[in-house]
1. Taking only the stretch 166-184 into account, find how many residues are crowded, with 24+ Cβ neighbours inside 10 Å and in contact with a strand residue (DSSP E or B) (Cβ under 8 Å, 6 or more places away or on another chain).
2. Of the numbered conditions (1) at positive phi; (2) surrounded by 24 or more Cβ atoms within 10 Å (Cβ to Cβ), Ile155 satisfies every one except a single condition; which is it?
3. For a quick check of your reading: which strands (runs of 3 or more DSSP E) sit entirely within the stretch 190-233 and have at least 3 residues that are aliphatic (A, V, I, L, M), surrounded by 14 or more Cβ atoms within 10 Å (Cβ to Cβ) and in contact with a helix residue (DSSP H, G or I) (Cβ under 7 Å, 6 or more places away or on another chain)?
4. Return yes or no: is Leu145 of a type in the set (A, V, I, L, M, F, W, C), modelled with pLDDT of 90 or more, surrounded by fewer than 22 Cβ atoms within 10 Å (Cβ to Cβ) and more than 13 Å from the chain's Cα centre (by Cα)?
5. Just name the residue that is farthest from Glu203 (Cα to Cα) out of those in the stretch 4-22 that are in contact with a strand residue (DSSP E or B) (Cβ under 6 Å, 6 or more places away or on another chain) and at pLDDT below 95.
6. (1) over 26 Å from Gly34 (Cα atoms); (2) in contact (Cβ under 8 Å) with a residue 24 or more places away in the chain: which one isn't true of Glu144, the others all being true?
7. Looking at the stretch 123-139, which of its residues are buried (at least 22 other Cβ atoms within 10 Å of the Cβ) and outside any loop (DSSP other than H, G, I, E, B)?
8. Please pick out the residue among Asp58, Asp74 that is charged (D, E, K, R), under 19 Å from the mean Cα position of the chain (by Cα) and at pLDDT below 95.
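The values are calculated or read from the model by the stated rules, or taken from the named source; none is laboratory data. None of these values were measured; they are calculated from a predicted model. Cβ: placed from backbone, ideal geometry, glycine included. Neighbour counts: every protein chain shown.
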Amino acid sequence: MAIIIKTENIQKTYRMGVEEVKALKSVSITVNRGEYVAFMGPSGSGKSTLMNIVGCLDTPTAGTYILNNKNVSDMTENELADIRNKEIGFVFQTFNLLPRASCLENVALPLIYAGFNKTDRSEKAFLALKSVGLEDRVHHKPNELSGGQRQRVAIARALVNDPSIILADEPTGNLDSKTSHDIMDLFHELHQKGNTIIMVTHEDDIAHFAHRVIRLRDGLVESDKVNPNPTLGKQAFA
């Protein structure tokens, strides 16, 4: 399998006044194309910092990060923005949808930055919404949708640029249990289609959908284990 993510001795230090906080002390991981991985850990473990670096939202203080054969460790902000748009599809806990825009317009937004014309944007956005079962909601605005539907729109937006990885930050954090399982069922389907998924969560039952769980504590990898029996689709309702 091809390696899509490789970090070597990643460190991240934040300055808070005169103090230095080492959010990541030395993290080395690899993720292969097509894997489904969960980052877990308590508050302060470094999982959110690692997610930000993997998602090119931040850069490491030291160490090397290779994403899809590109060294992104020392890229400029503009270069990182370009990588984020082309390589990474983000799904956030709070959906991050534009309230006055339709579902179609929200999903098409990354395609504007990628340079697609309006016709191609609309076509690709519709197909992405169809892939998450929302082809009958293309002209609805976010306030006309349920929480689960809004998260599906966010997932469609993450998929629309055919990214190398889907990065989901607490994707069920604002959803009830049944809707959470519906969304995780969708992630399972996306993984079955070959998508590489990295999910950040503090919930064990949600992490159990992943095929591999990396646990962080105090800025280090505490464990990195294959999940021998991941929750698959409708098993969640059993």
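1. Total meeting the criteria: 3.
2. (1)
3. Qualifying strands (runs of 3 or more DSSP E): 196-200.
4. On the way: of a type in the set (A, V, I, L, M, F, W, C): yes; modelled with pLDDT of 90 or more: yes; surrounded by fewer than 22 Cβ atoms within 10 Å (Cβ to Cβ): yes; more than 13 Å from the chain's Cα centre (by Cα): yes.
Yes.
5. My answer is Glu20.
6. Looking at each condition in turn, Glu144 falls short on (2).
7. Ala125, Ala128, Leu129
8. Details: Asp74 fails: under 19 Å from the mean Cα position of the chain (by Cα).
Asp58 is the lone residue from the list that is charged (D, E, K, R), under 19 Å from the mean Cα position of the chain (by Cα) and at pLDDT below 95.
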